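For reference, the structure is listed below as structure tokens.
The values are calculated or read from the model by the stated rules, or taken from the named source; none is laboratory data. Only a predicted model underlies this, so the values are computations on that prediction, with no experimental measurement involved. Neighbour counts are summed over all protein chains in view; Cβ atoms, including those assigned to glycine, are modelled from backbone coordinates with ideal geometry. What goes into the accessible areas is simple: the full protein's heavy atoms, side chains included, and nothing from ligands, DNA or RNA. Shrake-Rupley method; radii C 1.70, N 1.55, O 1.52, S 1.80 Å.
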Amino acid sequence: MNTESAYTAPILAWYDANARDLPWRAPDTTPWGVLVSEIMLQQTPVSRVLPVWDVWTTRWPTPAALAAEPSGEAVRAWGRLGYPRRALRLHQAACAITERHGGDVPSSHEDLLALPGIGAYTAAAVASFAFRQRHAVLDTNVRRVLARLLSGAEYPPKTQTKAEVRLAESLLPLDPPTAARWAVAVMELGALVCTARSPRCVDCPVIDKCAWQLNGRPAYDGPPRRGQTYAGTDRQCRGRLLAVLRDADEPVEKPALDIVWSDAVQRERALDALIADGLVDPLEDGRYALPG
């Protein structure tokens, strides 16, 4: 079967008609804007990323602009996007881009992968979306689409496999710019139609070719898929502590942190973790601040 003709054309046509108008997809968006969006979108919905991305790219339109400021400012501007270590990774990447590449986000997949905090997915995504190169871009949405479309499974394996990568690579159009469009089109299909909980199969452009649909939509029979909890977790506690520091104009006394979380043992554990992650600086006078 010619997989490119079987799947590529209908999915690209669907994307052309249904793609969301997102600012990081605009033709004039810089590679830096694409990189910032990719880091922010990891485990965070588009609706929450949009306002923060706009603030970031306005305040720091280049890697050099971010690198010139303390890492604590990146953490402060991260707001409530969650997983704030991503802000530190972006700051580290900005410093490396400024030092190694003259302030320009590198176009080479190898150079992107060598940046601090940039993994295989992000390197492939930036190379594809910013530089129109030919790479398999496998996020959760893409993995789910390919699992249903070609493997006939409701969900992909919990951990990405080499077989998934080979499958994704085999579907890439040969023309690099077309491959880049294919990558974002499959991702969008997973985000809008082939969703995790309530797929809108009737709107799918390849429903007649979908192995999962043709097999009667068999239910997932793998290991239990547990949803993430947040209330009462160390992650929520860390977020409360960081919010105090983000909102303060100067270092804060310990009681200002103590008051936001009643469980003292959990609070101290979360604070120790924030310090270990480089997100909080304990000062010699006993106060606490974002990293300088």
Identify all residues within region 48-97 that are small (Gly, Ala, Ser) and either assigned by TED's automatic domain parsing to the domain that holds VAL280 or not in a loop (DSSP other than H, G, I, E, B) (or both); write none if there are none.
ALA64, ALA65, ALA67, SER71, GLY72, ALA74, ALA77, ALA87, ALA93, ALA94, ALA96
Restricted to region 25-47 and to residues being part of a helix (DSSP H, G or I) and without any contact (Cβ under 8 Å) to a residue 24 or more places away in the chain, the residue most open to solvent (accessible area, probe 1.4 Å) is SER47
Does ALA123 satisfy being closer than 30 Å to GLU73 by Cα, buried (at least 20 other Cβ atoms within 10 Å of the Cβ) and touching a residue at least 60 places away in the same chain (Cβ under 8 Å)?
no
May I ask you to say which residue of PRO223, PRO177 is farther than 30 Å from VAL252 by Cα and modelled with pLDDT under 95?
PRO223
Residue hits (region 71-104; of a type outside the set (D, E, K, R), open to solvent by 60 Å² or more (accessible area, probe 1.4 Å) and more than 19 Å from the chain's Cα centre (by Cα)) are GLY102
Six or more apart or on different chains, Cβ atoms under 8 Å: show the pairs whose first residue is in region 268-288 and in contact (Cβ under 8 Å) with a residue 24 or more places away in the chain and closer than 13 Å to ARG238 by Cβ and whose second is surrounded by 13 or more Cβ atoms within 10 Å (Cβ to Cβ) and among the aromatic types (Phe, Trp, Tyr).
ALA270/TRP261; LEU271/TYR288; VAL280/TYR288
